[in-house]
Amino acid sequence: ADASVAARALAARLAQALAASRVAVALLQHDELRLQALTGLDDPDHQSDGVRLLLGAMNEALEQGSTLAEPPTAADAGLLRLELGALHQRVGGALVALPLADAATPGRALGAVLLERHDGPAFTADEQAWLTHALALAAPALALQARADEGPLTRAWHRLQATWQRLQDPQQRLRRRLWQAAALLLAAGLLLPLPHRVGGTARLEGAEQR
């Protein structure tokens, strides 16, 4: 799929730029994180414990909407990192997991990224800031590829979710009320019984009387 190709390219660039031992990129599909790229492995075993630990750590960052690092930095010291800690116990070194936002659809998460350094130093605050900026630049193209892989019903559902998120803005109060009124009218129209009428052209025929 096009999204997997884009994810592998992103993972390779991040690994080279930050001297990471391994980079994983996962995207949300049907509200579930699915691994799209893992540097060093063209076809990872998605049922393996290692992949489950990766996805668990990335999902932890995604759910909290924050960057998580191991060892932790001052910025994320108070955040939950049970899954990231379990991965760290297995691979060691330094880890950082970041959520990936869909800039084209406010309020919708796109996926997550995780970087590992097995023998290098911890990821610094400056490196994490650079990562956040790099992912913000890469997200639109990755989101475009991901939407191209989706079916029409999934795309329609995501557009509906995006519209609802925009309507939650206090400045959209009037538009939200109009949408609610339209929905009520539509529901009322579906519930009201329709009159049964038959229309058409009638012709009377009879025998001629003498």
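None of the figures in this text is laboratory data; all of them are computed from the coordinates on show. Model, not experiment: these values are computed from the prediction.
Points worth noting:
- Square roots of five times the Cα gyration tensor eigenvalues for segment 26-98, Å: 21, 15, 10
- Under Karplus coefficients 6.51, -1.76 and 1.60, residue-wise ³J(HN,Hα) of segment 14-24 in Hz, glycine/proline x: 5, 4, 6, 5, 10, 6, 8, 5, 7, 10, 10
- Scaling the Cα radius of gyration of segment 1-134 by the globular reference 2.2 N^0.38 Å produces a ratio of 0.95.
- Length available on full extension from residue 66 to residue 42: 0.36 nm per residue minus the Cα-Cα distance, which gives 5.8 nm.
- Per-residue 3J(HN,Hα) values for segment 63-80, derived from phi via the Karplus relation 6.51 cos²θ - 1.76 cosθ + 1.60 with θ = phi - 60°, read 5, 8, x, 9, 6, 10, 10, 9, x, x, 9, 4, 6, 10, 5, x, 8, 5 Hz in sequence order (x marks Gly and Pro).
- Integer Hz, Karplus 6.51/-1.76/1.60 couplings in order for segment 127-142, x for Gly and Pro: 5, 5, 5, 5, 4, 4, 5, 4, 5, 5, 6, 7, 4, x, 5, 5
- Close amide H partners of residue 120, meaning residues 5 or more places away or on another chain with modelled amide H under 5 Å apart, are 94.
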